[in-house]
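Taking it in order: structure first as structure tokens, then the write-up.
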Amino acid sequence: MSALPDTEQIRDALRKVADPEVGANIVDLGLVYRIEASAQGVLIEMTMTSPACPMGDLILDDAYAELERILPVDCQPEIRVVWEPPWHPSMMSEKCRLRLGWQEDGAA
């Protein structure tokens, strides 16, 4: 197996994946909870802004496509969608909150 990118390289690749409803990337939105890269492969645990997110499949497809660009050919990533903890606007990066006009407490 070729060398795996480190977790920061994986996080940078996932920054290219946007939630089209919000217009921000999934990392800055706080949707990516866990990135684990090991000899066994890459595991991503992430969530959506809500369980009813109509763009969930598109976001996952885009995430897999970005991972495919940086991972060795023989590495199959696994993305698990989790609902605990539930996503909250406070999970966004400060830069993302400011760009979207959210106050620190998550109020618009």
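Derivation of every value follows stated rules applied to the coordinates shown; laboratory data play no part. Note that the structure is a prediction, hence the values are computed from the model and not measured. Every residue, glycine among them, receives a Cβ derived from its backbone with ideal geometry; neighbour counts consider all protein chains shown.
I need the chymotrypsin sites (Phe, Trp or Tyr not before Pro) found in the chain, filtered to DSSP loop residues with at most 13 other beta carbons within 10 Å of theirs. Don't jump to the answer; show the numbers that get you there.
Details: sites: TYR33, TYR64, TRP83, TRP87, TRP102; in loops: TRP83, TRP87, TRP102.
When the chymotrypsin sites (Phe, Trp or Tyr not before Pro) of the chain are filtered for loop state and at most 13 Cβ neighbours within 10 Å, TRP83 remain.
Just add up the charged neighbours of ARG15: K/R +1, D/E -1, any other residue whose Cβ is under 14 Å from the Cβ of ARG15. If you can, show how the numbers build up before the last one.
Working: positive: ARG11, LYS16, ARG69, LYS95, ARG99; negative: GLU8, ASP12, ASP19, ASP28, ASP62, GLU66.
So the environment of ARG15 carries a net charge of -1.
Please compute the Cα-Cα pair-distance distribution of the chain with 10 Å bins starting at 0, giving whole percents from short to long.
Binned Cα distances yield the sequence 15, 47, 29, 8, 1.
With axes computed from alpha carbons, what is the tilt in degrees of helix 56-70 against the longest principal axis of the chain, rounded to the nearest 10 within 0 to 90?
Once rounded, the angle reads 40 degrees.
Only bridges with both residues in the chain count here: give the DSSP antiparallel percent, nearest 5. Could you put the intermediate results ahead of the total?
On the way: 8 of 12 bridges.
Approximately 65 percent, going by the DSSP bridge assignments.
Where Lys and Arg each count +1 and Asp and Glu each count -1, what net charge lies around ASP6 among other residues with Cβ under 13 Å from its Cβ?
Numbers: positive: ARG11; negative: GLU8, ASP12, GLU36.
Here the charged neighbours net out to -2.
Under the rule of -39500 (n - 2.57) per DSSP H run of 4 or more residues, summed and divided by the residues of the chain, what mean residue ellipticity at 222 nm is obtained, to the nearest 500 deg cm²/dmol? Intermediate values should be presented prior to the final figure.
On the way: 3 runs with 30 residues, N = 108.
The helix-only estimate for the chain comes to -8000 deg cm²/dmol at 222 nm.
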